[in-house]
1. Once phi is turned into ³J(HN,Hα) by the Karplus curve 6.51 cos²θ - 1.76 cosθ + 1.60 with θ = phi - 60°, what whole-Hz value does each residue of segment 45-60 show in order, with x for glycine and proline?
2. On full extension of the chain, what length is gained from Asn98 through Glu34, given 0.36 nm per residue of separation minus the C-alpha to C-alpha distance?
3. Taking the highest mean first, how do the peptides 87-96, 30-39, 4-13 order by number of other beta carbon atoms within 10 angstrom per residue?
4. When Cα Rg over 2.2 N^0.38 Å is calculated directly from the model, which label among (1) 1.15; (2) 0.94; (3) 1.05 fits?
5. May I ask which residue of Leu10, Leu36, Pro74 lies farthest towards the positive end of the charge dipole of the chain, with charges of +1 (Lys, Arg) and -1 (Asp, Glu) on Cβ and the Cα centre as origin?
6. How large, in percent, is the carbon and sulfur part of the accessible surface of segment 1-71 at a probe radius of 1.4 Å?
7. Taking only protein heavy atoms and a 1.4 Å probe, what accessible area per residue, in Å², does the chain have with all protein chains in place?
8. Please list the non-local residues whose amide H lies under 5 Å from the amide H of Glu50, H modeled 1.01 Å from N, same-chain partners needing a gap of 5 or more.
Amino acid sequence: MRVNGKIIKLNGKVVDVVVEDYKDMQRAVDGYIERLPVEERHGVTVYCNEEGRVHELPINMTACLWLLRNNMYPSMDYPIHGDVLVVGLPNKDGEDTNIPEDISIQEMWVEPSFMITVE
């Protein structure tokens with residue numbers, strides 16, 4: 001398995017990734033993987049850290065907002081903690097596929113900056 005996907009980082013940045021096995025998937029979410037209940041009609045499979053809430057990882061607001069805006073996730077009653085991996089739907093053999101090219105995940109990360117003024 002060699003699959004192109006995206007990681008939605010806690011800081012809001014969206015990063016391209018290639019995963020070759022479940023170990024790569026675990027590295028992407030920094031722990032055991034859990035598949036989120038996203039309906040097939042959306043064309044993606046979404047994984048998060050299964051123990052994100054237990055380990056008190058911060059809530060991934062970018063992932064939560066993206067999923068909610070696209071009606072992929074039921075509600076914020078169960079927020080997603082930690083980094084999120086997004087890949088394509090499983091094929092007939094049950095293996096994940098590449099993330100579809102038409103899937104757009106808005107990056108909400110802004111490079112910190114400041115300005116010094118002298119009077």
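The values are calculated or read from the model by the stated rules, or taken from the named source; none is laboratory data. Bear in mind that the values here come from a model prediction, so they are computed numbers and not experimental data. Here Cβ is always computed from backbone atoms with ideal geometry, including for glycine, and neighbour counts include all displayed protein chains. Each accessible area value is taken on the protein alone, full model and side chains, heavy atoms only, with ligands, DNA and RNA left out. Shrake-Rupley method; radii C 1.70, N 1.55, O 1.52, S 1.80 Å.
1. After applying 6.51 cos²θ - 1.76 cosθ + 1.60, I find 10, 10, 10, 9, 6, 4, 10, x, 5, 4, 7, 6, 5, x, 6, 8 Hz.
2. Numbers: separation 64, 0.36 × 64 = 23.04 nm, distance 1.81 nm.
This chain segment gains 21.2 nm when fully extended.
3. 4-13, 30-39, 87-96
4. Correct label is (1).
5. Pro74
6. Working: 1970 of 4190 Å².
Here it works out to 47 percent.
7. That works out to 65 Å² per residue.
8. Tyr32, Ile33, Glu34
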